[in-house]
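Working notes, structure below.
The values are calculated or read from the model by the stated rules, or taken from the named source; none is laboratory data. Treat the numbers as computed from the prediction; the structure is a model and nothing was measured. No Cβ is skipped: glycine too gets one built from the backbone with ideal geometry, and neighbour counts run over all protein chains shown. Surface areas here come from the heavy atoms of the whole protein model, side chains and all, with no ligands, DNA or RNA. Shrake-Rupley method; radii C 1.70, N 1.55, O 1.52, S 1.80 Å.
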Amino acid sequence: MSLKILLLEDDQDLREELACSLEELGYQVGAAGDGESALEMARKGPFALVVTDVRMSGLDGLEVLARLRELQSDFVSLVISGYASVEETLRALRLGAGDFLRKPFQRDQFVTAVQRLVLQQQREAAQSRRLQALSELALWAGRALLRTTRPEMVGRGRQLQQYCLKLGLTEEKARQV
C-alpha cells in the first residue's frame, strides 16, 4: 500500500500540479482546496504527511494542522506559503512542521522536501513500533518474573515498574507488572 499524503492548497492549478507530482512518485494523495474539506478527509483515515498552504479563506492551513494534531498525532508536515509572516512561520514550527517552503519553489525542491519528510515519518513509525514491542516484552517478562516463587524475586515489583517507566511505558502500564 502506498503512503497517504493530504495536500491542502487553495490555488487549484498549483494543487493539481503538486498532486500530480506526488502521484508520479507513487504516493496516494487526498487533495483539498479548503480547510474543512481537508479535515473531512482526515476524519476518514490517517495520513503520513500533510502538505498545507498557510493563507486561505476559511480555516487557514495552520489552524487545520492544529486540528489534525487532535485527530492524529503521528504525521509529519510540510508548510508552503508565499506570504507567511514571521509569526506564522513560528506558529508552523510550534505545530511541528517538518519543513517550510516559500512560494514560488521549484518542483525538485518540493520533491526533495517531501521525500525527506516521508523518510522521517517512516523512521519515527518504526521507532514507535520497536518501543511498543519492547514495552510489551517488558510487561510480559516482569509478570513472568514476579510469578516465580524464588525468594530473590520477593519485593522486586517496584524495581520492575521503575525499569518499565525508563523504557517509556506509562504509569498505568508499569503498574500492570
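See the values below:
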read-out: The stretch 41-140 - Rg and Dmax from Cα coordinates, angstrom; value: 15.6, 54
read-out: Net charge of Cβ neighbours under 10 Å - reference S77; Lys, Arg +1; Asp, Glu -1; value: 0
read-out: Amide H contacts of L59 (H built 1.01 Å from N, under 5 Å, at least 5 apart or other chain); value: G35, E36
read-out: Cα centre as origin, Lys/Arg/Asp/Glu Cβ charges: the stretch 67-109 dipole, Debye; value: 100
read-out: Ranking by accessible area, most exposed first, for C20, C164 with a 1.4 Å probe; value: C20, C164
read-out: The stretch 86-100 - phi-based ³J(HN,Hα) in whole Hz, Karplus 6.51/-1.76/1.60, Gly and Pro as x; value: 4, 4, 5, 4, 5, 5, 4, 5, 5, 7, x, 4, x, 7, 9
read-out: Whole-Hz ³J(HN,Hα) from phi, Karplus 6.51 cos²θ - 1.76 cosθ + 1.60, for the stretch 12-17, glycine and proline x; value: 4, 4, 5, 4, 5, 5
read-out: Extension reserve of the Y83-Q127 stretch, reckoned as 0.36 nm per residue once the Cα distance is removed; value: 12.3 nm
read-out: With Cα atoms, 0 to 90° folded angle of helix 35-44 axis to the chain main axis; value: 40
read-out: Net charge contributed by nearby residues that have their C-beta within less than 11 Å of A138 (K/R +1, D/E -1); value: +2
read-out: Globularity ratio of the stretch 34-97, using Cα Rg and 2.2 N^0.38 Å; value: 1.02
read-out: Degrees, to the nearest 10: 61-71 long Cα axis against longest axis of the chain; value: 30
read-out: ³J(HN,Hα), Karplus 6.51/-1.76/1.60, whole Hz, each residue of the stretch 108-125, x for Gly, Pro; value: 5, 5, 5, 4, 4, 4, 4, 5, 5, 5, 5, 4, 4, 5, 5, 5, 5, 5
read-out: Furthest towards positive pole of dipole, L7, Q72, L22, structure part the chain, Cβ charges; value: Q72
read-out: For I80, distant residues with modelled amide H under 5 Å away; value: T52, D53, V54, L101
read-out: Convex hull per residue volume in Å³, alpha carbons only, for the chain; value: 132
read-out: Acute angle (nearest 10 degrees) that the helix 157-166 long axis makes with the longest principal axis of the chain, alpha-carbon atoms; value: 20
read-out: Cβ-defined net charge surrounding R123, 13 Å radius [Lys, Arg +1; Asp, Glu -1]; value: +1
read-out: Cβ-placed point charges (K, R +1; D, E -1), dipole of the chain about Cα centre in debye, nearest 20; value: 1640
read-out: Point-charge dipole on Cβ atoms (K/R +1, D/E -1) for the stretch 15-86, about Cα centre, debye to 20; value: 200
read-out: Under-5 Å amide H pairs with V29, H placed in peptide plane, nonlocal only; value: I5
